[in-house]
1. Which one of these is within 15 Å of F90 (Cα to Cα) and hydrophobic (A, V, I, L, M, F, W, C): L154, L159, L174?
2. Could you say whether any residue in segment 256-275 is open to solvent by 40 Å² or more (accessible area, probe 1.4 Å) and in a loop (DSSP other than H, G, I, E, B)?
3. If I go through segment 242-255 residue by residue, how many of them are polar (S, T, N, Q) and loosely packed, with under 12 Cβ neighbours inside 10 Å?
4. In segment 100-157, what count of residues is obtained for those that are in a helix (DSSP H, G or I), open to solvent by 50 Å² or more (accessible area, probe 1.4 Å) and more than 30 Å from F58 (Cα to Cα)?
5. Before we move on, is T251 of a type in the set (S, T, Y), touching a Pro at 6+ places or on another chain (Cβ under 8 Å) and assigned to a helix (DSSP H, G or I)?
6. Is it true that V60 is under 25 Å from the mean Cα position of the chain (by Cα), open to solvent by 60 Å² or more (accessible area, probe 1.4 Å) and modelled with pLDDT of 70 or more?
7. Could you check how many residues of segment 182-204 are modelled with pLDDT of 85 or more, assigned to a loop (DSSP other than H, G, I, E, B) and open to solvent by 30 Å² or more (accessible area, probe 1.4 Å)?
8. Right, I162: open to solvent by 60 Å² or more (accessible area, probe 1.4 Å), within 21 Å of L83 (Cα to Cα), of a type in the set (V, I, T) and over 18 Å from the mean Cα position of the chain (by Cα) or not?
Amino acid sequence: MAATIDYGEAIKGPSAFSGGFRRSFTLASAIARTDFKLRFFGSALGYLWQLMRPLMLFGVLYLVFTKIVHVSTGNHYPVALLLGIVLFTFFAEATSASVTSVMDRENMVRKIHFPRMVIPVAVVMLASFNLTLNLGVVFVFAFISGVSPSWTWLGLLPLLAILVVFASGVAMLLSALYIRYRDVKPIWEVVLQVTFYASLVLIPYETIRTSHPHIASALVCNPLAAVLQEARHVVVDPAWVSASSALGGATRLLVPAAITVGTFLLGLWVFNREAPRIAEEL
């Protein structure tokens, strides 16, 4: 009887989740923490540089829209504006950095058993670290501005989870498409600029509703605008219209919810499909 030779466990090819979800999450966390530490290594001001950009943008926009243009705003508009800028900054940071993230980690991608999905996930995690710190500043500013702490602030947690899911889906999609199409980067830069103005960061829903109610409701279908509007309602002041009221009913929240879930699933599917061929396309 002929002897059989055991060559050991078969080596699996490259994939999005090589080694399982737990290993992928652990690697993503380690990369995000390392990048966070390295970002401010050797800097005298450290994290203050990260906070400087949203604060400077807030100062300029607040001056323009309240002292020069005199846009009609709601209660505690400065707090609402800063909250909107911080939330949008997270989305912009997570998605913009993800575009070239896979190419920037080429040395890791070329390792056959490295889970490719770790790369865009680590980018979103890093942006989440910055978001957490920036939100601390928002709450301090809100307290100074006269916003009373409330249990409704806990409603921000599920909204942040929705925002992270949406940003993750976009990040996976962009990072996968950029490998094949280099035009993704300049296109996304333009899209982000348009999205900033279409997400109710500057001009509140309440202001647009007075003259263009249908346009105002349509804008809230954007998941970013829906999250921002609801965040202002639960954090800043209940006088700010909730996302469900802005859309005309709680059932219509299914529209931004479907866009969020659909974007995440699409990004996951595209990245998972492209993952085995990423090294060849670099």
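The values are calculated or read from the model by the stated rules, or taken from the named source; none is laboratory data. Quantities reported herein were computed from a predicted structural model and do not represent experimental measurements. Methodologically, a virtual Cβ is constructed for each residue, glycine included, from the backbone with ideal geometry; neighbour enumeration extends over all protein chains shown. Side chains are part of the model used for accessible areas, which takes the heavy atoms of the whole protein and leaves out ligands, DNA and RNA. Shrake-Rupley method; radii C 1.70, N 1.55, O 1.52, S 1.80 Å.
1. Result: L159 is the single residue among L154, L159, L174 that is within 15 Å of F90 (Cα to Cα) and hydrophobic (A, V, I, L, M, F, W, C).
2. Among the residues of segment 256-275, not one is open to solvent by 40 Å² or more (accessible area, probe 1.4 Å) and in a loop (DSSP other than H, G, I, E, B), which makes the answer no.
3. Within segment 242-255, residues that are polar (S, T, N, Q) and loosely packed, with under 12 Cβ neighbours inside 10 Å number 1.
4. 4
5. When the stated conditions are applied, T251 does not pass them.
6. Yes; evaluated as a whole, the condition is true for this residue.
7. Going through segment 182-204 one residue at a time, the tally reaches 2.
8. No; evaluated as a whole, the condition is false for this residue.
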